[in-house]
1. So, A:Thr44, is that one within 11 Å of chain B (Cβ to nearest Cβ), in contact with a His (Cβ under 8 Å, 6 or more places away or on another chain) and part of a helix (DSSP H, G or I) or not?
2. Mind listing whichever residues of the range B:98-117 are part of a helix (DSSP H, G or I) and without any contact (Cβ under 8 Å) to a residue 40 or more places away in the chain?
3. For the range A:103-125, how many residues are surrounded by fewer than 19 Cβ atoms within 10 Å (Cβ to Cβ) and either part of a helix (DSSP H, G or I) or more than 13 Å from chain B (Cβ to nearest Cβ) (or both)?
4. Starting from the range B:17-36, take each residue that is facing another protein chain (nearest Cβ under 7 Å) and list its partners that are of a type in the set (Val, Ile, Thr) and buried (at least 24 other Cβ atoms within 10 Å of the Cβ), counting only C-beta distances under 6 angstrom and pairs at least six apart or across chains.
5. Please enumerate the residues belonging to the range A:23-41 that are surrounded by fewer than 19 Cβ atoms within 10 Å (Cβ to Cβ), within 13 Å of another protein chain (Cβ to nearest Cβ) and part of a helix (DSSP H, G or I).
6. Considering only residues that are assigned to a helix (DSSP H, G or I) and either within 14 Å of another protein chain (Cβ to nearest Cβ) or without any contact (Cβ under 8 Å) to a residue 12 or more places away in the chain (or both), which ones fall in the range A:47-65?
7. Filter the range B:57-80 for residues that are of a type in the set (A, V, I, L, M) and in a strand (DSSP E or B); which is farthest from B:Val141 (Cα to Cα)?
Amino acid sequence: MATKILIVDDSKLARMSVSKLLSELRPGWVRLEAANADEAVKQTDQEHPDIILLDFNMPGQSGLELAAQLHETHPDIPVAIVSANIQVEIVERAALAGATFIAKPLTGPALAEFLTAAEAKVAAR
Amino acid sequence: MIAPESLALDALEIDALTELVNVGVSRAASSLRTMIGSEVLLSVPAVEMMTYERAATLIGEREAGELIAVHQSFQGDISGGAMLIFPETNSLELVRAIAGGALPLDDIIALEKEALAETGNIILNGCLATIANMLQQTLNVSLPEIIYGSGSDIFSRSPISVTDSAVLFLYINFSVRHRDIHGYIAMLMDLPSLTALKALIGKMIERATVESTSNHATH
C-alpha cells in the first residue's frame, strides 16, 4: 500500500510547495493536506497517515502543541516540525514532542533526509 | 484608497506574501534571540496593504504613547522603507535585554540609540534578506535611522515619500519572554514597487507550485 503523508500548514502556498517537493522525491506517495490542527487531527483519525509534516506558526493550536498531542495519541507516526523559527527553544521543544525539526524554506535534501529516516521507522513498525 | 485595482492581490498572492513575511520575521526573531538570550515570541502574521494614514491610525489605536521606529531603506527591483516600530516605553527594557541587566541606568541611556539601531538592523535586515532570497532578488539596505513620535509622525518623518506610497502593513506582534517588549513591522512602498512585488510574488508561486516534469528524484 502506498505511503500516506499529511502536510499541515495554514499557508496554502506552503502546502503546495511541500507537495511539489514530495511529488519529486516520492512520486508514488499519497499526499493529504490540512490547514489547521483540528483538520489535522481529523485527517489523522480518518486517513491514518504514515508520516506527518507540521508547520509551527499556525492560528489556533501551534504545530508544537499538535506534535505533542500526536506523540501521545499516535506515537508510531514520525512527525516533523517545519519552521523558519530556528530559535533553540523551538528546536528543543520539537525534540521533546518527539518530532524532527526541519528549517523553512524547506529544501529537497533536508526533506529527503527526514523522509528516509521516517520510512525506516515506518518499516520497523 | 491609493492602490489601484490592478494591484489588488488575490487570495493565493496574499497567502504567499504572508508566508514570505512569516519566514522572514521568524528568521529575524531567531537572530534577535541569539542577541538577547531569551526566547522571542511571534504572533501569526497578518499582512494588509493600506494607506499610511490608515497604518498610522491602526498603530495609534493599539499604542497610546509615543513610539520609536527604526527605519531602513531598501533598493532593488522593489524599493521602499522597512520599519520596526515599538512603544518608546519599551526601549530601555530592550537595551537592558541586549546589554545585560547589570549595567547602570546612565550607561543604558547612553547606549539606547545604538542598541535600537542594532536591533532594528538585525530584525529588518534578517527579514528583508530572507524575503529577497525567496523572491530571488538582491536588495541593498541602508543604515538604520531612528524616528521618534506618534503613529502618524513616524510615517511622515520616514525618508520615503509617504504621500504616494502604500504601506504593506505587516502586523506581527513580537514579544520577548519575561520582558515587557513588543512591536510591529511595516513596509512602505510606492506604486511601481508594489507592481514589481506583485509580479515577483507571481513568479514565486509559479516556482513553488508548477510540477517539474523532469529530474524526478526516485528513491
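1. So A:Thr44 fails the test.
2. B:Ala99, B:Leu105, B:Asp106, B:Asp107, B:Ile108, B:Ile109, B:Ala110, B:Leu111, B:Glu112, B:Lys113, B:Glu114, B:Ala115
3. The qualifying residues number 14.
4. Taking only residues 6 or more apart or on different chains, the pairs are B:Ala29/B:Val40; B:Arg33/B:Val40.
5. Within the range A:23-41, A:Ser23, A:Glu24, A:Leu25 meet the criteria.
6. Residues of the range A:47-65 assigned to a helix (DSSP H, G or I): A:47, A:63-65.
Hits for the range A:47-65 are A:Gly63, A:Leu64, A:Glu65.
7. B:Leu67
A short reminder: the numbers here are calculations on the coordinates, not readings from a lab. Remember, predicted model here, so these are calculated numbers, not experimental data. With ideal geometry, Cβ positions are generated from the backbone for all residues, glycine too; neighbour counts draw on all protein chains shown.
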